[in-house]
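Single-structure report; data block below.
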Amino acid sequence: MLVVLAGLMIGCAGCAERRAQPTATPPMTPTAAPAPTSTPAPTSTPTSTPAPTATPAPTSTLAPTATPACAEPHGAVAIERLHSAAMGRDEQFRVYTPPCYAGRPDRRYPAIYLLHGGEHNDEHWDDIGVDDAADALIAAGAIAPVLIVLPDGGQDFGPLSGDPPPFARFLEQRLIPYIDSRYRTQPDREHRALGGISYGAAWALLLAARYPGMFRAVGAHSPAIGAFNGIYPDAAALAHGGVRVYLDVGDHDSLREPARTFDATLAQAGAAHELHVFAGRHAEAYWRAHLADYLRFYAAGW
């Protein structure tokens, strides 16, 4: 993983692309030259003309529009800062760009915004290996190349009060416009997803319900919601906004019952959603084990 500090555009330096091997043209079966024949007598029956020999179809022809394979195994991560008047401070965030991002200046990418857990920062998703998981899935062709944005919301993303709350204003009015202007995103709802871990999962649900026109999908991984902290996301707003919802929680996580309750609320509201209860606890090892599941959900249809 390549990391570039503070405000630098990054990508895959040199971005050499693997050239497609020249298409091998199968040898044609030589047609034997006919032996000279004497001029037939006027009464003889004309010799039938042999059917032309069919040219074998090439065995490995690339379509003219095929994109050459990317020879770079890893994407890169940039660390940047952006002032937020709403939060009253400079906000740090990380941006993962996929392999060969720099070498394909005409290509645009979907973006996934992932929020860290409570008492963590923008390093959280990086620490559990989301960039490595993305590298592997992209290389395998399991997901399309994507950008991943990791904001730092502080210990708890700030107050829930306000219209909108400070972090919500920062995300909507500062961070997303900045990413869309500085990076080659596909800057529309259909190519943008949001997710989070624990307290960040609760905020992801709140934000997707507030801004359904900005996100096509939201993932809540071990969401800290319900009576635990008094956060009750708006299931009706998610349903009416057509936002796809992914919930998952460990079978030994104390938050499994709030997740099940919210699953039932989403079903009653008619929201497109899914709930997964995997083996595990409220811990990094659990989320690390399911990174591929999360990324496949976000990137479905891209």
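What follows draws every value from the coordinates through simple rules; no lab data is involved. Keep in mind that what you see is a predicted model, and the values were worked out from it rather than measured. Here Cβ is always computed from backbone atoms with ideal geometry, including for glycine, and neighbour counts include all displayed protein chains.
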Formal net charge of residues neighbouring TYR101 (Cβ-Cβ distance under 10 Å; K, R +1; D, E -1)
+2
In the neighborhood of VAL243, defined by Cβ-to-Cβ distances under 14 Å, what is the net charge if each Lys or Arg adds +1 and each Asp or Glu adds -1?
+2
Scan around GLY226 for amide H atoms under 5 Å from its own, H built in the peptide plane at 1.01 Å from N, and keep only partners 5 or more places away or cross-chain.
ILE231, TYR232
If r is the Cβ-Cβ distance from ALA236 to PHE278 and R0 is 22 Å, what FRET efficiency results, to the nearest 0.05?
0.20
Distance between Cα centroids, segment 153-199 to segment 235-259: provide it in whole Å.
19 Å
³J(HN,Hα), Karplus 6.51/-1.76/1.60, whole Hz, each residue of segment 281-296, x for Gly, Pro
10, 7, 8, 4, 4, 5, 5, 4, 5, 10, 4, 5, 4, 5, 5, 5
For segment 145-151, take each phi angle, set θ = phi - 60°, evaluate the Karplus expression 6.51 cos²θ - 1.76 cosθ + 1.60, and give the result in whole Hz per residue in order, putting x for glycine and proline.
x, 9, 9, 10, 10, 10, x
